[in-house]
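Below you'll find the structure, written out as structure tokens, and then a few comments.
The values are calculated or read from the model by the stated rules, or taken from the named source; none is laboratory data. What you see is a predicted model, and the numbers here were worked out from it, not measured in a lab. All Cβ positions, even for glycine, are placed from backbone atoms using ideal geometry, and neighbour counts span all protein chains on display.
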């Protein structure tokens, strides 16, 4: 049974273990990292997904132990096609810590090819990047302002059953509007607050083993309402909470176990998501160009761009939520 936590609590107790488990509609889990008794560095990932119906930008910055990575993909949803690139630093000894606070802090990275700036403010986020020879053929530039809007967020804390010094802490925040510009080679995409929207996916974890993680996400406007979706595979002890949820105009609706049918080795074929008798019935169909799926391959991460068909029938809704032809993406990653 899922457990909703409404009061603020520390992630780590005085003995360094994770005692709480569950989910929340606001960031009640206080990430008191110094109290952890972990024998190694916690891993951290900040992921952004920005789109305006014409273009989608995926950005992930990851600190995984001694490995640091920046992964970027740009999908042209009207013309068809994806261009992507990534930077991976193995045995990275340089400190590249990401901001912990949602309303302040800054991350700066620079090398011969990439300059990336991420700035958190009380009003939102500022993202700026220059990437020379992006994908080996073009230069990428983006300068984006993400403004916060009202609404709830998904927050999940999952320990691991056998040893509670291990944990998985997630925040899925689909409440930003995006303004700015994205340039790839000779193409330029403008985003404004009438069409540009963005979500932020924040993850901190320390795990005893590697995971193959899969997530279906969507963030779009339907009949004047903003709809966001997060269906993800299991990490840690999910008996008291999981990532499965959707949002309508900023209100979080929780979902339970979701059965997924699809072949990660055949990304040109549909994936099917079912939950309950008729609660969730969704089909994800990838966009294709010349018969090949629109995918971005970035080290251990693959992003597939496509559309949703089907519906969600939740007791909190007056009518089923139709998802037909809604833009979405599947993320496969190892961490």
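Given the conditions (1) within 17 Å of the chain's Cα centre (by Cα); (2) at pLDDT 95 or above; (3) surrounded by fewer than 18 Cβ atoms within 10 Å (Cβ to Cβ); (4) closer than 27 Å to residue 175 by Cα, and given that residue 245 satisfies all but one, which numbered condition is not satisfied?
Failed condition: (3).
Can you pull out the residues in the stretch 205-218 that are farther than 19 Å from residue 258 by Cα and in contact (Cβ under 8 Å) with a residue 60 or more places away in the chain?
Our first condition is that a residue be farther than 19 Å from residue 258 by Cα; within the stretch 205-218, this holds for 205-210.
Correct list: 205, 206, 207, 210.
Could you please find all residues in the stretch 21-49 being touching a strand residue (DSSP E or B) at 6+ places or on another chain (Cβ under 8 Å) and farther than 25 Å from residue 120 by Cβ?
Once the filter is applied, which keeps residues that are touching a strand residue (DSSP E or B) at 6+ places or on another chain (Cβ under 8 Å) and farther than 25 Å from residue 120 by Cβ, the stretch 21-49 yields 21, 22, 40.
Residue 102 fails exactly one of the following numbered conditions: (1) more than 26 Å from residue 329 (Cβ to Cβ); (2) in contact with a strand residue (DSSP E or B) (Cβ under 9 Å, 6 or more places away or on another chain). What is the number of that condition?
The one condition residue 102 does not meet is (1).
Could you tell me whether any residue of the stretch 251-269 is closer than 15 Å to residue 326 by Cα and either in contact (Cβ under 8 Å) with a residue 12 or more places away in the chain or crowded, with 22+ Cβ neighbours inside 10 Å (or both)? If you could, list the steps in order and put the result at the bottom.
Of all residues in the stretch 251-269, those closer than 15 Å to residue 326 by Cα come to none.
No, that holds for no residue.
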